[in-house]
Amino acid sequence: MSAQEGKYNVKAVSNMLGVQPGTLRAWERRYQIIAPPRNEAGHRLYTEEQVQILKWLVDKVNQGFTISQAISLIEQRHTDVHVEAKDHVAALRERLLQALLSFQEWTAHELLNEAFSLYTVEKVALDLLTPLLVRIGDLWKHGKITSAHEHFATAFLRSRLGMAFSMLPINRLLPKTISVCGPNEWHEIGLFIFTLYLRRKGYETIYLGAGVDQRDLPIVINEVKPACIFLSCTLQQNVAATLQLVDELKQTCPHIRIGVGGRAFDEVDEQIKTKYGDHLLGQSKEQWDEWLKSNEKYLSKRGKTM
């Protein structure tokens, strides 16, 4: 089969690239840069050459370009792009913030639709929504918005992220993980974004969120048999209880890797950082990548035996 013959359907290409099928169709419709041939049933079949072009475009998008800028690079064959994609993301984030704080749900949906059509799920979650959620939390913390504004915004974003989460493929060769908020924690959106990151990596992740009774956690662990448990803590007042849970899990489940993250751990003292350094996930994608890499050998082994 030549590189010019269609061989990959849209679902296969979506899995390979980590881009939602709807985004691929939007790129085709808006820019006509990739127009895959169709089989007799009318289904898109991407050629090898088209998949390679899409991989290049996705790589550029992940570097910070918008899809239109990336396509411009192909068409013009140079890298003289004057408008930085990060400025577009920042502007989009500001517009989304204003829509949410004004309870303009339809406008917020349109803005997120625009974001998902231009960028990968990972980029939208980490570069657009994570800073937005931090800002919303800070505004509420300093009394600049009401709890109603904060609840509406986080519930809206949680719902949209959940839709994206359900569409991400799972790599069955990777081990299972569990994501759960620490004791007394109710701020779960940061944990959800981290869980989305794990799913983007292909991990089958059981998301428990907030409000789980600690006494029920061993039951879930016994049923799921995860290789990792990830705990999230946002409020400083809950750090001690979260670390106590880490110690208990280390005693009862010594074969399970435990990662802890959340904004509260940005402010802990050096003694805690030293004692629990192997468990601290950090706040950025790069730090998360490093944590997974440091446990890669263990996770690979667990994935093959489960």
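Less than 5 angstrom separates the built amide H of residue 185 from those of 211, all sequence-distant by 5 or more or on a different chain. As a proxy for reagent exposure, 144, 285 were ordered by neighbouring Cβ count within 10 angstrom, fewest first; the result is 144, 285.
Among 225, 55, 275, the largest mean-square fluctuation in a Gaussian network model of the chain (Cα springs under 10 Å) belongs to 275. Pairs with C-alpha atoms separated by more than 21 Å, drawn from the list 11/55; 7/55; 55/293; 123/225; 7/60; 123/176, are 55/293; 123/225; 7/60; 123/176. Under a 5 Å amide H cut-off, with hydrogens placed 1.01 Å from N, residue 229 pairs with 178, 257, 258, 259 among residues at least 5 apart or on other chains.
The calculated FRET efficiency for residue 147 paired with residue 250, based on their beta-carbon distance and R0 = 45 Å, is about 0.80. What the phi angles of the range 123-138 give under the Karplus curve with 6.51, -1.76 and 1.60, with θ = phi - 60°, is a coupling list of 5, 4, 5, 8, 9, 9, 7, 4, x, 5, 5, 4, 5, 4, x, 5 Hz, glycine and proline written as x. Taking 17 Å as the cut-off, the amide N atoms of the range 180-199 that come nearer than this to a point 7 Å along the Cα-to-beta-carbon line of residue 159 belong to 189.
Starting from 0.36 nm per residue, how many nanometres of slack lie between residue 91 and residue 184 once their C-alpha separation is accounted for? Working shown, then result.
Details: separation 93, 0.36 × 93 = 33.48 nm, distance 3.49 nm.
Gain on stretching residue 91 to residue 184: 30.0 nm.
Projected label points at residue 284 and residue 25, each 7 Å from Cα along the beta carbon direction, are separated by 3.7 nanometres.
When shorter helices are ignored and each DSSP H run of at least 4 residues is given -39500 (n - 2.57), the per-residue value for the chain at 222 nm works out to -17000 deg cm²/dmol. The distance between label points at residue 56 and residue 269 comes to 5.6 nm (points 7 Å beyond Cα on the Cα→Cβ vector).
For the chain, the longest principal axis of the Cα atoms and the long axis of helix 239-252 meet at an angle of about 90 degrees. Of all the options 175, 226, 218, the one that moves most in a Gaussian network model of the chain with Cα springs shorter than 10 angstrom is 218.
Values quoted throughout were computed directly from the atomic coordinates according to the rules given, and no laboratory measurement underlies them. Since we're looking at a predicted model, the values are computed, not measured. Backbone-built Cβ (ideal geometry, glycine too); neighbour counts: all protein chains shown.
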